[in-house]
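Below is the structure I would like to discuss, written out as structure tokens.
Derivation of every value follows stated rules applied to the coordinates shown; laboratory data play no part. Since this is a predicted model, take the numbers as computed values, not measurements. Cβ coordinates were reconstructed from backbone atoms using ideal geometry, including for glycine residues, and neighbour counts include every protein chain displayed.
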Amino acid sequence: MATDETPPSVPTLRPLPSLGVPLLREEIERARRRRVVIGGLVIGGLAVIGVTVALATMVGGGPADDDDVEHATVPTHVGYTPPADAAVPPPDTFVPSVPVATEELPVGTRTVHHFGQSAGFRPALISAGLAGADADAIITALTGVMDFRRCRPDHELVFERDAVGVLQRFEYRATITQIYEARRGPDGALHGAQVEVPIERIDLARGGTVVTSLGDALEQIGLGRTLVGTFVEVFEGRMNFNTETRAGDSFRLIVVEERIDGAFLRYGTVQALEYHSARRGVLQAFHFAPPQDPRTSGGVREGARPSPDEGDFYDETGRAVHGGWLRTPLRYDHISSPFDPRRMHPVLHRVMPHNGIDYSAATGTPVWAAADGTVTWAGDRGPNGNLVSLSHEGGYESHYAHLSRFAAGLARGQHVEQRQVIGYVGTTGRSTGPHLHFGLERHGRFVDPARELNGPGRMLPASLTGRFRQEIARLRGLLQDIEIAPVAAPATPPAEAEPATSHDDVMD
């Protein structure tokens, strides 16, 4: 009688060969036949292509071969000199770039790649799948527009192609505001330019009360903690925010917020600051930038907003809040180590004089000259890492250690002005993290910058007094209109009854 059950002699299903299990004899034979068929098709296809190329070459209209496309050169009349990194990586080390994202456009596609670990700009383009001729055309278009030496792995390469795959636009995104493009014009060539990113600027007027810390209070009113550094920098000569801040202190400020497409980018100029201190009274400072002369500034229109990098802070009388010296030559997070002749060294674990102040800050934070002076050293200095030293009037010399890099063009013998950028925070040399070591010598002996650097600032010229008073009246009116919402102090738990023996205990 027939049955539907499978005979025991029928073998069970085997795992896929990709898992490393040996093939059966029948499977080996089938695989061999497939390879023969596929090989025949490939050889036939190559033969057809070879005949087509040969016929096209005979009539003079054939395309260049792969090697010609990969190493295509740019005509010398465009003034292009092939960069040192123009060689294509060897085939055995070439790894194509994986696209970050591909988006369908109405007339084509947009593909985004990371620059990655490519050896240079051209290899990055080739790794992203670009033909050699297109890569050279992009380099030609962007030569003199962007600096190819400043490419970083996280930078983005954006390719926009039309419906038939022809490159129409290339975009290099270094940052959200630093974007370069090469766009194909009516003449069929690519033309390079830096993209103008529109930045929206909004004036914010906010106020708050300190409960736990100034940073927390700023966050409570929707601002960033980074603005703490502005308070510290501006009022450094009148208040020590590390030791004199008290719960119940209040503040007001007017700051420019910069946005791109509605998204927060950064804070711009802080136009006015006011701090009510229980220890120091009311502190006020106003940012003022003298109007630029159109004959030297390229024609700045009347009433135009000053650049955030211009101007300074002044009190209500027109005197600069910064004296002849900056006690803090950068915007920092906190002081990680004060001046201390008997400090225990964190790396060497022995008592060594700490002849300066360590300001903890993010790598790349600009460092300013604390006063007008002359560069006496700009280079590596052993445990100090990258060091800049400046000589000043009155027998002073200032030192800025552990920098990640120096300001462009900085050299010995160069004169620098107060607040001029001379370098950027880093962690070079004998360092446990990114910070600036700021040291000060007077007649060859190290002194504490926090105690030494005091003195009144300069008064504004009389010719600017009228304009300054108008601006101060406007800003003071805006500050007075800022309402500070009352903040309840944190509840204090009721004290527990002390045991009778607690009078003998001493808390330290």
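D for region 85-194, whole µm²/s, Stokes-Einstein with Kirkwood Rh over alpha-carbon pairs at 37 °C and 0.692 mPa s: what number? Numbers along the way, then the final one.
On the way: Rh = 14.1 Å.
My calculation gives 233 µm²/s for D.
Just how far, in whole angstrom, is region 169-223 from region 252-282 if you go by their alpha carbon centroids?
One Cα centre to the other: 18 Å.
Using a Förster distance of 51 Å, how high is the FRET efficiency between Val100 and Ser360, based on the Cβ-Cβ distance and rounded to 0.05?
Working: r = 34 Å, r/R0 = 0.66.
The computed FRET efficiency comes out at 0.90.
Let me ask you something else. Sticking with the crude label model, points 7 Å out along Cα→Cβ, report the distance from Val282 to Ala189 in nm, one decimal please.
6.5
Just add up the charged neighbours of Tyr396: K/R +1, D/E -1, any other residue whose Cβ is under 15 Å from the Cβ of Tyr396. Mind dumping the intermediate values first?
Working: positive: Arg327, Arg442, Arg445, Arg451; negative: Asp372, Glu393, Glu397, Glu441, Asp448, Glu452.
Cβ neighbours under 15 Å give a net charge of -2.
Hull surface divided by four, with the convex hull built on the Cα atoms of region 334-452: how many nm²?
Details: hull surface 27.1 nm².
Average of the hull's projected areas for region 334-452 equals 6.8 nm².
Suppose each label sits 7 Å from its Cα in the direction of the beta carbon; what would the Val197-Glu316 distance come out to in nanometres?
About 4.0 nm separates the two model spin labels.
If you place +1 on the Cβ of every Lys and Arg and -1 on the Cβ of every Asp and Glu, how big does the dipole about the Cα centre of region 334-452 come out, in debye to the nearest 20? Mind dumping the intermediate values first?
Numbers: 11 positive and 10 negative charges, 75 e Å.
Here region 334-452 has a charge dipole of around 360 debye.
Would you mind computing Rg(Cα) / (2.2 N^0.38 Å) for region 106-156, counting N as its residues?
Rg over 2.2 N^0.38 Å, computed on Cα atoms: 1.17.
Applying the Karplus parametrisation 6.51 cos²θ - 1.76 cosθ + 1.60 with θ = phi - 60° to the phi angles of region 424-439, what ³J(HN,Hα) value in whole Hz is obtained for each residue in order, glycine and proline being reported as x?
9, 4, x, 9, 7, x, 7, 9, 9, x, x, 6, 10, 8, 10, x
Loop only by DSSP, 16 or fewer other Cβ within 10 Å of the Cβ. Give me the trypsin sites (Lys or Arg not before Pro) in region 240-277 that pass, ordered by residue number.
On the way: sites: Arg246, Arg252, Arg259, Arg266; in loops: Arg246.
Hits after loop and neighbour filter: Arg246.
Separate question: For region 386-463 and region 320-344, compute the distance between their C-alpha centroids and round to whole Å.
Centre-to-centre distance over Cα atoms comes out at 11 Å.
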